[in-house]
Amino acid sequence: MKQWSGKKPQNLKKTLGALGAYLGRHKLMLLAVAVLVTISAVANLLGTFMIKPVVNVFIAQDGGARLITGVLITAAIYFAGALSALGYTQIMVNVAQRIIYDIRRDLLSHVQKLPLKYFDTTKTGDVMSLFTNDVDTISDALNNSFATLIQNAIQAVGTLILLFVLNWKLSIVVAVCYFAMIMYIRYSGKKSKMYFNRQQNILGEMDGYIEEMINGQKVIKVFNHEEENLSGFKERCEQLRRAGTGANTYADTMLPAVVTLSYINYAIVAVLGGIMAIRGQTDIGSLASYLVFVRQSAMPINQVTQQSNFILSALAGAERIFETMQREPEVDDGTIQLVNVTEKDGEITESGKKTGRWAWKEENGSLTPLRGDVRLKNVTFGYSPGHTILHDISLYAKPGQKIAFVGATGAGKTTITNLINRFYDVTDGQIVFDGNDVRDIKKDSLRRSLGIVLQDTHLFNGTIADNIRFGKLDATMDEVIAAAKTANAHSFIRRLPKGYDTMVLSDGANLSQGQRQLLAIARVAVEDPPVLILDEATSSIDTRTEALIEKGMDRLMEGRTVFVIAHRLSTVRNANAIMVMDNGRIVERGDHDELLAQKGLYYKLYTGLFELS
Amino acid sequence: MALKKIAKYIGGYKREFIIAVIFVIIETALELSIPFVMSDIIDVGIKNRDIDFILSRGIIMGICAVLALVTGLLYARFSAIASNGFGANLRMAEYEKIQKFSFANLDKFETASMVTRMTTDVTVLQRALQTGLRPIARSPAALVMGVAMSAFLNFRLALVFFVCVPALGTVLYFVLRAVAPMFSRLQRAMDRVNSAIQENLTAIRAVKAFVREDYEEEKFESVNAELMTTSKKTFRLVALNLPAFQFIMYTATVLIMWFGGKLIITGGLQVGELTGVLSYVLQVMNTLMMIANVILQLTRSIASARRVCEILDEEPELKDCQNPVNTVSDGSIEFRNVSFKYSAGAEEYVLSDVNLKIKPGETVGILGGTGAAKTTLVQLIPRLYDVTDGAVYVGGHDVREYDMAALRDAVGIVLQKNVLFSGTVRDNLRWGDKTADDDTLWEACRTACADEFLEKMPNGLDTDLGQGGVNISGGQKQRLCIARTLLKRPKIIIFDDSTSAVDTATEAKIRAGLAKLPDMTKIIIAQRITSVMDTDQIIIIDEGKVHAVGTHETLLKSDPIYQEIYQTQMRGGDEK
């Protein structure tokens, strides 16, 4: 949508610099465009200018014997012009699309590297709008405005120069009219921007209302609320209609006003020119040519104004894009890498193959086997300064242990896992993984060592098998099926119309929440990571299905360090240690029996479930 | 097709639309007469050295210009009224239609896509009308008048137009015909890019957790490259318009110069007339370009028109019956041989052969695995969907015999995917009872255990919830949704897993509160066995069938599924 954005770029220099870098990759092509545009514009001007010599010289002299020469010269000029136009329009399309392609690619690549905080604090819609609206306006500007602007600028200046050459006295009149036109356009532009801003605000409000109501449409039906809603909508619709009518009326007056000014200009010039011709101050050929120029002169002014609006909103879009591209990506200063190793006589050596055995490789090349020992030391954290979520958390998970977190929503359970895999960094304290601060480990290595089943399962367009393979891109079909069996997803997948080749539609809309979670578990199973983090992994699976998964999960957890977060206490009972969390603190810890014996919060939670039986 | 259908929604603004068109034509006529007058100045005024004549012609031109301004301004007004009215009509029509949609209709469209159809798509169409109106009205008029006036100035010279106009027309026609299918391909390529980005953004945690940034970039690379290639092909074709236009316009100019020059030499033409005809060249040829541009724009808006039409053409699935029953006498429910599938074409039934009887005032629990069709079952009671076979009776009548609003007033349902609306707590609660006073509201909140947290909020019932209730937690939201439904004082109330985010202790309190409303039939879908074990009857649904019905005691004795659920959920207790 090319709405009148009404937004002007704030930091023009920086934006132009960044955009310039993209344009710079096509210097030669753009130079060619500029040259061809110039030829095309000049040809247009000269062609019209030729009216004078054709009338005055070629027709009037020698009884018109040389008319053919004049016409051929004109034809040659015009031909060059049209040919250049063909050239620059084609080149420009290629260059523009290539630039847009580059921008889209770089933007996505950069956005992906941004820290999670960016995604948690920015609406997906806003990020999407960078890719759609903002990239589109740039694309349009490059496609149309760039060449048009150069052409019209040349034409406007050229026309003025030629007008002065043809008749400088008349040109003073023209200059005055030009000036009036420009002043009017500027004044009117400001005024209409005001109208458009108002319309834009109401439109935004309206869109918000529509979004909310459509989202709640089923609730509306259940409460028989359709009539009330309709009248609420009608009111807003009417408001928008009125504002829109006002804005458009105003915007549409600009063109007739400018056109009329140009005609008045034309009339004055024609009359004065006629009088001058009678007095012999000008010849008839000049006047004829002159009048055609005057008629043409209004066009570039119109065009330049229109295009500059497009260009301004494109620059505003470019600014938003480049601002995002200049954001700091995730901090990744770690140097320790995760590598595959083989063991021979107690000696481990790095291996290029997937051996299923892992080790940490330090910068100096020394290898220490991955054990899965995770310790949190006095960890304090808040998503924003001054708002602490976790207070002084210390805990350890020895290799192969299962650590569970329980507690109410908002107690900070998920936050802890966010810190372990460095979606966020601790504010204070330290997380140590096999003796290394997690910040010293390269981020992708760290994350590869941790298998996570996230609270919200997102699936991708592709087949079921592709989605499981997301955990291990080169997994064979056998591995995929084995993983699905571990997660107990195999039986439902088999019953799908095309089994493992069934397409997953728009984020898994054709699967139930429970089935999606099973796939998420399968995804981790195929990844086969040394450490597991399960965040409410089974919350949407009914208890029967959950029981079915449990066996597979036990197999999956065997020999691995596991962090598990669950609402249901039954799922965490066999943990080595259970952390009971409340308001960002660990209030109780111990295994199931110890905690029950403490008769504290865990006991209450646990018996709260049971007191009713 | 789609555009034609959409065009009807100009509706009551037809008059303004026609007036706008007329003004454009007048404006065009005035503009076009100016070069005509001008040639008089040169050929008559200058030639006869008649200054008065020149002045009089100048005044005529001035008057034409001013008239053109007046008509231009009036056009602006009327076209703004017409196009904005059209947009408003279209929005209203869509919204009205959506209000009539049943759940089945709503299921067909994704929420986001419905929002786009009502916002962006309408804006696109409105703009198409707004920007297209002027050139569409103006171009044919300018074309005809321009050629006619040139012919009047000099018929033989004007013959050039009769060759060049069709030539340009043909070229533009072929370009457009080639481009039209390209645009839908372009749209598809663009959709693929957008959905790739959207997918990446929503799943960013998974992407990062699995370190799949490079893989995602690779995937994006292919859709992005495809979009580039398609865009290049499309726009290169479109870009042919301009040079084609210039070639032909220039040819016309050169031809007119040539023939005009010869005519002047032989005395068959005046210089002023030649200048006049030359001025018309740009004007006449430009009209064709404008038409081509408008058609291009319309082509791009066809996709929007189609999407809007899909909403407008969707038939509401549920129909009110002829002589509806207006009151629901009691809260009894009966399912007789009910089978259901979501669409006629679906292969498998979601529910098959369900028979149930629920007495007024009873409390009924429903248990079953994920995808067992528990939600589907209860949504048949307030007739959110119609059964495929069999019948559902409420208060002794088939639900299809009731007036839909009356039925839904009597059957309250707390949906699983529930929403609150922006506004205060009070605004939201009043959805249940428009006239409720504060005491009544608090009363309902107490039953739903929403009072505890509301009392802690500084503004109580006047607390602003923000859009979609973002200012409160999931459990609090669920409790408000329960209170909202209680305020309807329905004869039957259905809880579709609506306390999943509420802790067990609070949930027990809510159940205790509900027990104080003995006349209300209560149906509770739950995951936790504790939520339903005290009910009058428990219905176990498995794979779309009623697997067993009974009380906690009988089911525990006899039903394997119930025993299994009990085992998994209550294991802890057994050990003690």
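For A:Asn461, the residues 5 or more places off, or on other chains, whose built amide H falls under 5 Å of its own are A:Asp507. Using the Kirkwood radius over C-alpha pairs as Rh, can you work out the diffusion coefficient of the protein assembly as shown via Stokes-Einstein at 37 °C, viscosity 0.692 mPa s, in µm² per second? Rounded, D is 94 µm²/s. Bridges between two residues of chain B, per DSSP, are antiparallel at a rate of about 50%.
Interface residues of the stretch B:501-542, defined as those losing at least 30 Å² of solvent-accessible heavy-atom surface relative to the isolated chain (probe radius 1.4 Å), are listed as B:Thr504, B:Gln527, B:Thr530, B:Met533. Considering only A:Tyr187, A:Val127, A:Thr463, the residue lying farthest towards the positive end of the dipole of chain A is A:Tyr187, judged by Cα position with unit charges set on Cβ. Taking the DSSP beta bridges with both ends in chain A, the antiparallel portion is around 60 percent. With each label modelled as a point 7 angstrom along the Cα→C-beta vector, the B:Glu110-B:Phe453 pair spans 3.0 nm. Dipole size of the stretch A:430-470 about its Cα centre, with +1 on Lys/Arg Cβ and -1 on Asp/Glu Cβ: approximately 100 debye, rounded to the nearest 20. Accessible area per residue for chain B is 41 Å², calculated with a 1.4 Å probe on protein heavy atoms, without ligands, DNA or RNA. Calculated FRET efficiency, B:Val163 to B:Leu3, Cβ-Cβ distance, R0 = 35 Å: about 0.60 to the nearest 0.05.
Among A:Thr427, A:Ala397, A:Thr380, which residue has its Cα positioned farthest towards the positive end of the charge dipole of the stretch A:377-457, with +1 placed on the Cβ of Lys and Arg, -1 on the Cβ of Asp and Glu, and the dipole taken about the Cα centre? Checked the options; the winner is A:Ala397.
Note on B:Asp464 and A:Ala175: their simple-model spin labels are 5.7 nm apart, each label 7 Å out from Cα toward Cβ. Please give me the summed charge of the neighbours of B:Trp431: other residues whose Cβ is under 10 Å from its Cβ, Lys and Arg +1, Asp and Glu -1. Its environment carries a net charge of +1.
Please give the FRET efficiency for A:Asp593 paired with A:Ser394, using the beta carbon to beta carbon distance and R0 = 30 Å, rounded to the nearest 0.05. It comes to 0.85.
Taking amide H atoms as placed 1.01 Å from N in the peptide plane, the amide H of A:Asp582 lies under 5 Å from those of A:Val587, each 5 or more residues away in sequence or on another chain. Rolling a 1.4 Å probe across all protein chains gives B:Ile248 an accessible area of roughly 30 Å².
Shape analysis of the stretch A:322-424 places it in the oblate category; the axes a ≥ b ≥ c from the Cα gyration tensor give an a/c of at least 1.5, with a/b not above b/c.
Projecting the Cα positions of B:Thr504, B:Ile46, B:Phe162 onto the charge dipole of chain B (unit charges on Cβ atoms of Lys, Arg, Asp and Glu, taken about the Cα centre) puts B:Ile46 furthest along the positive direction. Across the stretch A:1-128, the mean sequence separation of Cα contacts (distance under 8 Å, 6 or more residues apart), normalised by length, yields a relative contact order of 31 percent. Measuring between their Cα centroids, the stretch A:356-381 and the stretch A:188-251 lie 56 Å from each other. Relative to the Cα centre, the charge distribution of chain A, modelled as +1 at Lys and Arg Cβ and -1 at Asp and Glu Cβ, gives a dipole magnitude of about 1840 debye. Per-residue SASA remark: B:Glu443, around 100 Å² accessible (1.4 Å probe; ligands, DNA and RNA not included).
Taking a Cβ cut-off of under 14 Å around B:Asn105, the surrounding Lys, Arg, Asp and Glu residues balance to a net charge of -3, with basic ones at +1 and acidic ones at -1. Restricting things to alpha carbons, find the Rg to Rh ratio for chain A using the Kirkwood radius for Rh. Computed over Cα atoms, the ratio is 1.16. For the Cα atoms of chain B, what angle does the longest principal axis make with the long axis of helix B:241-265, in degrees from 0 to 90, nearest 10? Rounded to the nearest ten degrees, it is 20.
Model label sites at A:Val432 and B:Glu310, defined 7 Å from Cα along the beta-carbon direction, differ in position by 5.8 nm. Roughly how tilted is helix A:543-557, in degrees to the nearest 10 and between 0 and 90, from the longest Cα axis of chain A? Result, in degrees: 80.
Judged by the gyration tensor of its Cα atoms, with axes a ≥ b ≥ c, the stretch B:495-548 is oblate; a/c meets the 1.5 cut and b/c is at least as large as a/b. Over the stretch B:291-377, the ratio between the Cα radius of gyration and 2.2 N^0.38 Å evaluates to 1.87. Residue-wise HN-Hα couplings along the stretch B:103-117, as the Karplus relation 6.51 cos²θ - 1.76 cosθ + 1.60 with θ = phi - 60° gives them from phi, are 4, 4, 4, 4, 4, 6, 10, 6, 4, 4, 6, 5, 4, 4, 4 Hz; Gly and Pro carry x.
Extension gain, B:Asp433-B:Asp330: 0.36 nm per intervening residue step, less the Cα-Cα distance, totals 35.1 nm. The HN-Hα couplings worked out from phi for the stretch B:27-44 by the Karplus form 6.51 cos²θ - 1.76 cosθ + 1.60 (θ = phi - 60°) are 4, 4, 4, 4, 4, 6, 6, 5, x, 4, 5, 4, 5, 4, 4, 6, 7, 9 Hz, whole numbers, x standing for Gly and Pro.
Under 5 Å between amide hydrogens, built in the peptide plane, is the criterion, and for B:Thr424 it picks out B:Leu465 among residues at least 5 positions away or on other chains.
Couplings 3J(HN,Hα) of the stretch B:532-542, computed from phi: 10, 5, 9, 6, 5, 9, 10, 10, 9, 9, 9 Hz, in residue order, whole Hz [Karplus 6.51 cos²θ - 1.76 cosθ + 1.60, θ = phi - 60°; x for Gly and Pro].
Taking chain A as the reference, fit the longest principal axis to its C-alpha atoms, fit the long axis of helix A:513-527 to the helix C-alpha atoms, and give the angle between the two in degrees, 0 to 90, nearest 10. Helix A:513-527 sits at roughly 80 degrees to that axis.
For A:Asn224, project a label point 7 Å along Cα to C-beta. Then give me every residue of the stretch B:427-446 with its amide nitrogen under 19 Å of that point. Output list for this probe position: B:428-437. Its Cα centre serving as origin, the stretch B:285-361 has a Cβ charge dipole (Lys and Arg +1, Asp and Glu -1) of approximately 220 debye.
Calculated FRET efficiency, B:Leu556 to B:Asp389, Cβ-Cβ distance, R0 = 30 Å: about 0.35 to the nearest 0.05. DSSP finds beta bridges in the protein assembly as shown, and of those with both partners inside it, around 55 percent are antiparallel.
With Cα atoms defining each centre, the stretch A:271-297 and the stretch B:142-187 are spaced 31 Å apart in the structure.
B:Val223 sits among other residues whose Cβ lies under 10 Å from its own Cβ, and their net charge, with Lys and Arg +1 and Asp and Glu -1, is 0.
The values are calculated or read from the model by the stated rules, or taken from the named source; none is laboratory data. Keep in mind the model is a prediction, meaning the values are calculated, not measured. Cβ: placed from backbone, ideal geometry, glycine included. Neighbour counts: every protein chain shown. Keep in mind that these areas ignore ligands, DNA and RNA; they rest on the heavy atoms of the full protein, side chains included. Shrake-Rupley method; radii C 1.70, N 1.55, O 1.52, S 1.80 Å.
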